[in-house]
Amino acid sequence: MPISNFQIWGYIFNCLICFICCECFVFLFVSVVNVLMFVFAKLLNYQITILPTMDSHITPIKVSLFGAAGKMGGESAKVLAGDPAFQLVNLIERADHPALGTELCGITIRNNPYDLELTGTVFCDFTGAEASLKNAALAAELNCPILVGSTGFDEEQTNFLCSLGEKIPIMLASNMSRGINLLYRLLENAAPLLISDYQVEVVETHHKWKKDAPSGTAREILRVLSEGGFTNPAAHSLRMGDVVGEHQVIFSTEGETLILTHRAHSRLAFAKGVIPALKFLAAAKPGCYSIREALM
């Protein structure tokens, strides 16, 4: 609260009363206390005045979201719109999507990215393999970082995406769940300990609309197991109902079985990973990154 003239005169009057009615040492003591109170109050007022302005110059990260009307895109849009560190600038969908022209989080979903102001934004892509390749090439052309959340890339396509890391920060994130990325780390530790006498199988289950099989997450699990010493581990894919995502890694030997399971209850588990991923990319140098570098 600012110090008013009334308060200042109050301090002076108090000092005069002490001088008249009390002995000198009392006057001195009270006077010193009053002066200190005045100084501290001024300092406190100064801090209160300037502290709120410290964050006023922080610029939010601008985001262009591709595949905005899809399941993951829509969930991510809501998460980003609720975080003051981000500003959703563009929501983009394919030309024949029924959601074109509608609004999500107060922003109209549009089609042609070349008609939009994309420069200076971080791309977030939840489309499909073919569309993601085009969007990543556009990101490199405009010098924009990009988070690729699509799956289904073959080896040549993955190599192409990683090569863009020579120009821009690019992150390939088949699964942005913190739990799944912790599972990868557990497997890295477990595989060398179990390789001698355990067999391993991977079972992944997703909703009936998922196109690629095995999932990108399952393929990453297979890669981790192979690096841990297992030869040609296999994945079994189930497509049924509206299952968001479940991955089981089954280790079995004579006498016992060990099962590591990750089960996503909703797409929010994945969408929450978008926040640290985009913050990482916005500050990163050109390179090809994994989601684990942002989450772990």
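The values are calculated or read from the model by the stated rules, or taken from the named source; none is laboratory data. Nothing here was measured: the structure is a model prediction, and the numbers come from that model. Because the Cβ atoms are built from the backbone with ideal geometry, glycine has one as well, and the counts that use them run over all protein chains shown.
Across the range 243-282, the qualifying residues are those that are charged (D, E, K, R) and in contact with a Lys or Arg (Cβ under 8 Å, 6 or more places away or on another chain), and the one among them that is surrounded by the most Cβ atoms within 10 Å (Cβ to Cβ) is Arg267. Any residue at all in the range 108-123 that is among the hydroxyl-bearing types (Ser, Thr, Tyr), in a helix (DSSP H, G or I) and over 18 Å from the mean Cα position of the chain (by Cα)? Yes: the range 108-123 contains one or more residues that are among the hydroxyl-bearing types (Ser, Thr, Tyr), in a helix (DSSP H, G or I) and over 18 Å from the mean Cα position of the chain (by Cα). Just one of the numbered conditions (1) modelled with pLDDT of 95 or more; (2) surrounded by fewer than 17 Cβ atoms within 10 Å (Cβ to Cβ); (3) not assigned by TED's automatic domain parsing to the domain that holds Met240 is not true of Leu186: (3). Based on what the data block shows, is Met176 assigned to a strand (DSSP E or B) and either in the same structural domain as Val79 (by TED's automatic domain parsing) or touching a residue at least 60 places away in the same chain (Cβ under 8 Å) (or both)? No; evaluated as a whole, the condition is false for this residue. Here Phe153 qualifies as part of a loop (DSSP other than H, G, I, E, B), of a type in the set (Phe, Trp, Tyr) and either over 27 Å from Lys210 (Cα atoms) or out of contact with any strand residue (DSSP E or B) (no Cβ under 6 Å at 6 or more places or on another chain) (or both).
Among the candidates Gly179, Gly216, Gly255, the residue that is of a type in the set (Gly, Ala, Ser), more than 20 Å from Ser150 (Cβ to Cβ) and out of contact with any strand residue (DSSP E or B) (no Cβ under 7 Å at 6 or more places or on another chain) is uniquely Gly255.
Annotation: Pro214 fulfils all but one of (1) in contact (Cβ under 8 Å) with a residue 60 or more places away in the chain; (2) within 28 Å of Asn135 (Cα to Cα); (3) buried (at least 19 other Cβ atoms within 10 Å of the Cβ); (4) more than 24 Å from the chain's Cα centre (by Cα); the unmet one is (1).
Of Phe251, Phe230, Phe280, all but one fail to be assigned to a loop (DSSP other than H, G, I, E, B) and modelled with pLDDT of 95 or more; the exception is Phe230. Selection over the range 189-209 of residues that are at pLDDT below 95 and surrounded by 17 or more Cβ atoms within 10 Å (Cβ to Cβ) gives a count of 0.
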